[in-house]
Amino acid sequence: MARRVGGVAAVTVAALLAMAAAAMAQAPSPAATPSGPPNVTAILEKGGQYTTFIRLMKETQQDTQLNSQLNNSFNGNGYTVFAPTDNAFNNLKPGTLNSLTQQQQVALVQGHVLPQFYTMDSFQTASNPVRTQASGTDGPYTLNITATTNSNVNVSSGVVEVTVTNALSAVKPLAVYSVDKVLLPFELFGVKTAPAPTSQTKPKKGGATEAAAGPAGSEDAEPTGAASARAVGWGVAGLAAVLGCLL
């Protein structure tokens, strides 16, 4: 009798273990966490269609700088990168990139990087204009970010506007979003309007000094002929008076 009870118990335990194993196999596995420090180049390479942007980042050493800042916690707010696809660069006017100086290429890349980590939800409350990593003589380059009705966001540089829909990675401290247009900075590609010339009346030669001295021919000046005639008249009258006294 005891042997039979022991056999039933063993079968029951075996059944319970089998059920637990099956339940564990069906349970969803936890989300994989990124291994190692964040690396913008690795994220772009995994995306497979960002070779031009990767080349620009390497040539301007912005990939090394950004990865260093991420790994050393240089900015506790994190970073957000808008990564133009290869098609985005192919759609630029031929020679656009070659027309830029090395410093301008650095500014172009930095104009796609925000010194703040943004999720798609936090974009909804971004305060415009949003500062980028690029800056010039007039201050930092900025972008305008606005929410759309379908929970996407529009990003405008003042020259081009693009809708952001796809995140390549959005794990703090680094978010990388794919864009199908190059965010040409207004500071480099915007139409600069020349200031309107101010209308100023050119002063006459001599200015107020000559006017105060009463230049010849002015309204208040006495004609030269009249002054000479008056002097001659006074001279004749004086001579007549002298002769009268002598006679």
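The values are calculated or read from the model by the stated rules, or taken from the named source; none is laboratory data. Keep in mind it's a predicted model, so treat the numbers as computed, not measured. As a convention, Cβ positions derive from the backbone with ideal geometry for all residues, glycine included, and neighbour counts pool all protein chains shown. Only protein heavy atoms, including side chains, enter the accessible area calculation; ligands, DNA and RNA are left aside. Shrake-Rupley method; radii C 1.70, N 1.55, O 1.52, S 1.80 Å.
Under the √(5λ) rule applied to the eigenvalues of the Cα gyration tensor, what semi-axes describe the equivalent ellipsoid of region 57-96? Give them in Å, descending. Present the calculation step by step, with values, prior to reporting the outcome.
Details: eigenvalues 151, 28, 9 Å².
For region 57-96, the ellipsoid semi-axes come out as 27, 12, 7 Å.
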Residue span VAL159 to VAL171: 0.36 nm per residue of separation minus Cα-Cα distance leaves a gain in nm of 1.4 nm
In terms of solvent-accessible area of protein heavy atoms at a 1.4 angstrom probe, what is the ranking of ARG131, ARG55, highest value first?
-> ARG131, ARG55
Take every Cα-Cα pair in region 58-188 and report what % of them are more than 21 Å apart.
-> 37 percent
Residue list for region 84-108, given a label point 7 angstrom along the Cα-to-Cβ vector of THR51 and an amide N cut-off under 14 Å | 85-90
